[in-house]
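Visitor: Take a look at the following structure, please.
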């Protein structure tokens, strides 16, 4: 596992001899609006159910997910977050050669390494706004493609029409499309690949990020029924805890609330992004990347390195992401996950002092 995931607030709290709550964690890509209050109330009301085993096979949750997305239950698996899916997929697919479209989330490469899969990288460049050029030559060399959409950490987004055309053109290649951050896009329901109907497409869907429940962890994979059957053969009983099952069921049963919550989230992110853009317009050597995602990738000037910026900010108890250990990025990149307007303003003031 990579050393340097976002959200390691506990380690920093120990180093600084303070409570994790004293640190403003802007390193972890979680909804800046926090967990929906209605969901929190539901979890509090049903907390007593932890005395009971959760549903062993997540059937209720899977049925609700499948009904919402017009899929058959044989095409869906639920899990405690999407990370387990990432590590299981190379083995289930029998992958031999994988293409990772980056710079991106390190667990794709770690999963391939664990399963002895030969990895090829297609790295987008900052001077091209991190727009990847996925060539015919690259796709012909592999049997599996990992693609995060919107991408972490660059924020680059590919429209579903473009993705579907590519996947149709290469039916012998399996495309693993991680949509963990897609809910943060205004047209997410139209842009998801869950309904694409292609047998060579595997879609990862996370509820942990958009609903700010990473401590509960809840994710789904949607794929052809034969792939899902392979997942079920490896699936452990009670792999989603009862509170995560309650959370998922509540969200599917209250879609009007969910839609309002997601709309408010996307509006907040756009508003805060505009503030960052306005501020950094005065710093021509600072570049920003990311459209819809709940985070912002920043390329620092050549004379400033990420470690220095992160060190100065953590002293003020603001934790951001040093992106130097993302394959394809340099020591001049940081990532900031948006928070509430007040904390975003304070961070901007600290950053302008540094720059």
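Just so it is clear, none of the values below were taken in a lab; they were calculated from the coordinates. Note that the structure is predicted; figures quoted are calculated from it, not measured. In this analysis, Cβ positions are derived from the backbone assuming ideal geometry, glycine residues included, and neighbour counts consider all displayed protein chains.
Visitor: Between residue 271 and residue 239, what is the FRET efficiency for a Förster distance of 30 Å, r being their Cβ-Cβ separation, to the nearest 0.05?
Guide: 0.20
Visitor: I'd like the distance between the alpha-carbon centres of the stretch 17-41 and the stretch 62-141, rounded to an integer number of Å.
Guide: Taking the Cα centre of each part, the stretch 17-41 and the stretch 62-141 sit 27 Å apart.
Visitor: I've got another one for you. Of all DSSP beta bridges in the chain, what percent run antiparallel (nearest 5)?
Guide: 45
Visitor: Same structure, new question: So how do 338-349, 283-294, 173-184 stack up, highest first, on mean other-Cβ count within 10 Å?
Guide: 173-184, 283-294, 338-349
Visitor: I've got another one for you. Need one number: nm distance between label points at residue 159 and residue 21, each 7 Å from Cα along Cα→Cβ, rounded to one decimal.
Guide: According to this spin-label approximation, the distance is 4.7 nm.
Visitor: Taking the alpha-carbon centroid of each part, what is the distance from the stretch 176-200 to the stretch 313-343 in angstrom?
Guide: Between the Cα centre of the stretch 176-200 and that of the stretch 313-343, the gap is 27 Å.
Visitor: Quick one: grab the alpha carbon gyration tensor of the stretch 150-297, order the square roots of its eigenvalues as a ≥ b ≥ c, and give me rounded if a/c is under 1.5, else prolate or oblate depending on whether a/b is larger than b/c.
Guide: Cα axes put the stretch 150-297 in the oblate bin.
Visitor: Which whole-number percentage describes the relative contact order of the chain, with Cα contacts under 8 Å and a sequence gap of 6 or more?
Guide: Reported as a whole number, the value is 24 percent.
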